[in-house]
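The values are calculated or read from the model by the stated rules, or taken from the named source; none is laboratory data. Here the structure is a predicted model, which is why all the values come from computation and not from measurement. Cβ sites come from the backbone with ideal geometry, for glycine too, and all protein chains shown count toward neighbours. Side chains included, ligands, DNA and RNA excluded: accessible areas come from the protein's heavy atoms. Shrake-Rupley method; radii C 1.70, N 1.55, O 1.52, S 1.80 Å.
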Amino acid sequence: MVKRLEKAYIYALLFFLYAPIGVLIVYSFNQNKTNRVWGGFSLRWYIALFNNRDIMSALYYTLLCAVLATIISTIIGTFTAIAVDSLDGLMRVVYVNLNYIPVINTDIVTGISMMLAFAFAKIKFGFATMLIAHISFCIPYVILSVLPKLKQMDPNMVEAALDLGATPWQAFYKIVLPDISVGITTGALLAFTLSIDDFVISFFNTGSGVTNLSIYVYSAAKKGISPEINALSTIMILVVTALLAIINKRALSNNSKRGEK
Amino acid sequence: MSKKVKALALPYGLWMIAFTLAPMALMAIYAMRSSQGQAWTFKNFANFFSPLYMKVLWESVYIAIITTAISLAIGYPAAYFISVLPRKQRDIFLVLSILPMWMNFLLRTYSWMNILGRNGLINKMLSAIGIGPVSILYTRGAVYLGMLYNFLPFMIYPIYAVLIKISPSYLEAAKDLGASSWSAFWKITMPLSMPGVITGISMVFMPAVSTFVIPELLEGGHTMYIGNLIQHQFLQKGDWNFGSAISMILMAFVLLSMMVLNKFDTSGSKEDALW
């Protein structure tokens, strides 16, 4: 009985979390232009979506920015984490605490302070400024994901490798990297999610016609969004679900393999 | 070798100076400059402490506290119920509860506009049974709903992460010693899950207190919150000095509340933590 109530609670919660997404998906197949009246099943918004220049350009900038920010912040973050792990004393405290600033600051303060800096340095607002802002708020999360994995590592392993004649690069590639790969993946995933979902920081740091999806939806929501956006949401949620299913399946099969050992 | 490794920290050090420290310093300078002329002044800060702006700050804190409280009240049982499920189901429910976060935050909020609106789904269902239309969109309630919807996973996940690490042997011991499952929960699970609760609270409170998008879309922007005020100063009024001062105050406020919150965190490991 109690178990049933618990399950019911979780299902109710999931209903709450998925209802808005379900609504977007249903309306994406609506023949009518307004989201108010159901006019029969149609794929017209999916066709319209690919002909909508504004949305396509917003999607392009969102993905480009997310991919670049993820790659760059993962590389910088991983190497910095390795370096910070070898630091001690004051320098370590300084790095770790400065790294927290973008994490504990609210988005709006981070976004506006960077906007001030770009304006002050007379840098033209556009894709580059948005990308720099994204990299800046992604790196701390990569470092925070990688650092604990480095701490768990046996420091003798690297020394042993070096004693046995491995070059530092080989030691890094063969010993350190496999050990911290889970942290790096977590960091990269976090970075990608944060970047693709960001509105506030992008909003203040973009310019000259560069719009990401969040900004597009923000400016369109007040006027009433064209139904193509429903179609886009549907595609996005399907892609994400598929990706997660693949990742989970891989994680599960890895787990069972480990279990067999 | 070791020196070379340490040198790897340098690029990010420079990056932080350029894109974290310098911007913050610049913001502080702007905040202390008069918008007319070039004099140093505390006027921008002083201006904020007027009844008008104090009300803005209070409204923001108020909606953030309510949102955090509702998130905790709904999120804690959810995290707990998921954590006690068998492992396989647990993983599935956890992924399912976080999956919506991967859809763009603006899109999710926009979807609520469709549901809550005058011609939205809820009003249609209500009119089918002869009630309504009721105004839900563009009310305070819609803001709470939107914030709860967007921030609830931030509450569930940290609590869940702590709950699954609590060793079941503690509970077994408590039961062996005669505790009911209810008192075992209150005396063991609850206190041990506090670090997760505190992380959850700060992860919900912070974005809630500074949000400007959710009220703008779901409340129609008719109440000014601190996030809206900052945005307004920068983008509409062009008063960067006052805007910077408000941002500094918001920052100080958030830091202060996190410091207070962390005082309640009784878990050990403070290494690499800020306070």
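Of the helices (runs of 4 or more DSSP H) lying entirely inside segment B:1-104, those containing at least 1 residues that are touching a residue at least 12 places away in the same chain (Cβ under 8 Å), within 9 Å of chain A (Cβ to nearest Cβ) and not aromatic (Phe, Trp, Tyr) are B:22-31, B:51-83, B:87-98. Against the condition part of a helix (DSSP H, G or I) and either more than 10 Å from chain B (Cβ to nearest Cβ) or at pLDDT 90 or above (or both), how does residue A:207 come out, does it pass? Criteria not met by residue A:207.
Pull up segment A:165-180, narrow it to residues that are without any contact (Cβ under 8 Å) to a residue 12 or more places away in the chain and not hydrophobic (A, V, I, L, M, F, W, C), then point me to the one that is surrounded by the fewest Cβ atoms within 10 Å (Cβ to Cβ).
At the first step, the residues of segment A:165-180 found to be without any contact (Cβ under 8 Å) to a residue 12 or more places away in the chain are A:165-170, A:173, A:177-178.
Narrowing the set further to residues that are not hydrophobic (A, V, I, L, M, F, W, C) leaves A:165, A:167-168, A:170, A:173, A:178.
Details: A:165: 7, A:167: 10, A:168: 15, A:170: 13, A:173: 12, A:178: 9.
By that ranking, first place goes to A:165.
Tell me, which helices (runs of 4 or more DSSP H) wholly within segment B:167-216 include 3 or more residues that are in contact with a Leu (Cβ under 8 Å, 6 or more places away or on another chain)? Let's see the steps before the verdict.
Working: elements: B:168-176, B:181-184, B:194-210.
Per the criteria, B:194-210.
Of all residues in segment B:254-275, those satisfying the criterion of being at pLDDT 90 or above, among the hydrophobic types (A, V, I, L, M, F, W, C) and open to solvent by less than 60 Å² (accessible area, probe 1.4 Å) are B:254, B:255.
For segment B:159-190, residues that are open to solvent by 40 Å² or more (accessible area, probe 1.4 Å) and in contact (Cβ under 8 Å) with a residue 12 or more places away in the chain total 4. State whether the residues of segment B:28-41 include one that is surrounded by 14 or more Cβ atoms within 10 Å (Cβ to Cβ), under 30 Å from residue A:170 (Cβ atoms) and among the aromatic types (Phe, Trp, Tyr). No, that holds for no residue. Taking the numbered list (1) within 8 Å of chain B (Cβ to nearest Cβ); (2) over 22 Å from the mean Cα position of the chain (by Cα); (3) of a type outside the set (D, E, K, R) in turn, residue A:123 passes all entries but (1). Just so you know, in segment A:23-48 the residues that are within 20 Å of residue B:109 (Cα to Cα) and assigned to a helix (DSSP H, G or I) include one that is most open to solvent (accessible area, probe 1.4 Å), and it is A:26. Looking across A:190, A:162, A:144, one residue alone is more than 24 Å from residue A:248 (Cα to Cα), in a helix (DSSP H, G or I) and open to solvent by 40 Å² or more (accessible area, probe 1.4 Å). It is A:162. Residue A:197 meets the conditions (1) open to solvent by less than 30 Å² (accessible area, probe 1.4 Å); (2) within 9 Å of chain B (Cβ to nearest Cβ); (3) under 30 Å from residue A:148 (Cβ atoms) in every case but one. The failed one is (1).
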